[in-house]
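Heads up: the structure comes next, in structure tokens.
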Amino acid sequence: MTTDVKNTGSVVAPRRAPGESLRQGRRRRGGVRKVLQHALLVVVGVLMIYPLLWMLVGSFKPNDLIFLSPGLIPEEITLEHYTNGWNGLTYPFGRYILNSAIIVLGALIGNLVSCTTAAYAFARLSFRAKPVLFSAMLLTLMLPIHVLIVPQYIMFTSIGWVNTFLPLIVPKFLAVDAFFVFLMVQFFRGIPRELEEAARIDGAGYWRTFLQVMLPLTVPALATTAIFTFIWTWSDFYTQLVFLTKPETQTVSVALRNFVDATSESNWGALFAMSVVTLIPLFVVFLVGQRFLVKGIATTGLK
């Protein structure tokens, strides 16, 4: 038995499944949507970073061209703003960077020690005044610094701490930053209690359990506290302006204000140049600790 096959010279296209064209249309629309979303994010990112780029470019322009040519491509390039800005105040700008570094280091150590121990007590220990003290701690989050600065100034003046670094460092060892205490409390609550019970069965006390069991597990939260403390303390202006009035004790944020004078000509080029120098540590700390920061915020409060 034979079968004759006729070659007609035409190819029959395979038939599509009923929902295949619909799925392809959805994928095509999803791809277009993603492209538009990324384009929107790029535009928003450029708008947000434009002031920083303009300040960076302005630090290389002559003073008379900074505001005359607002573009990002300088017509003339000069480096004198960096040398003039570094030596343009009462002391070299490195003195103010050193002052800020001392305050930041003291605030870092104080917050990491005091906020962590206070958070462990609120999260794991049981004592009679715990609900009242925890509520009072949370209420301090609602108090603006402008309410606290006057009594603080009167108190620190009476004990002779004004124009020293002590008003900006010593309170950090008393767990005054309620935000970090609350952050650490939420992190401690997410750690299983079985770990503490196992440590106590092995004969560990509260301090040993805290230092050897709990503390190593809180590295993301500690990194988050350290990064935020560095950024907020380095960028602080109001409290440092109030407590540090002598030129030898001023920090970078207060020193930058001295380049702008409302009664005479302001040195905008030097201001932009030293602002760029001041922002470098912030960018470095944020880029180095970014993964710890994201992990610490993402895991805080999870059970």
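Tabulated results
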quantity	calculated
Some residue of the stretch 153-162 being within 17 Å of the chain's Cα centre (by Cα), within 30 Å of Leu279 (Cα to Cα) and assigned to a helix (DSSP H, G or I)	no
Search result, residues across the stretch 222-271 that are at pLDDT 90 or above, over 20 Å from the mean Cα position of the chain (by Cα), outside any helix (DSSP H, G or I) and surrounded by 15 or more Cβ atoms within 10 Å (Cβ to Cβ)	Leu244, Gln250
Matching option when the condition is at pLDDT 85 or above, of a type in the set (Lys, Arg) and not in a helix (DSSP H, G or I), among Lys61, Lys6	Lys61
Residues that are within 18 Å of Asp261 (Cα to Cα) and over 29 Å from the mean Cα position of the chain (by Cα), drawn from the stretch 61-86	Asn63, Asp64, Ile66, Phe67, Asn84
Residue within the stretch 81-88 that is surrounded by fewer than 17 Cβ atoms within 10 Å (Cβ to Cβ) and either without any contact (Cβ under 8 Å) to a residue 24 or more places away in the chain or touching a strand residue (DSSP E or B) at 6+ places or on another chain (Cβ under 6 Å) (or both) present	yes
Residue satisfying condition, being surrounded by fewer than 17 Cβ atoms within 10 Å (Cβ to Cβ) and in a helix (DSSP H, G or I), within set Ala204, Ala198	Ala198
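The values are calculated or read from the model by the stated rules, or taken from the named source; none is laboratory data. From a predicted model like this one, the values you see are computed outputs, not experimental measurements. Positions of Cβ are generated from backbone atoms using ideal geometry, with glycine treated the same way; all protein chains shown enter the neighbour counts.
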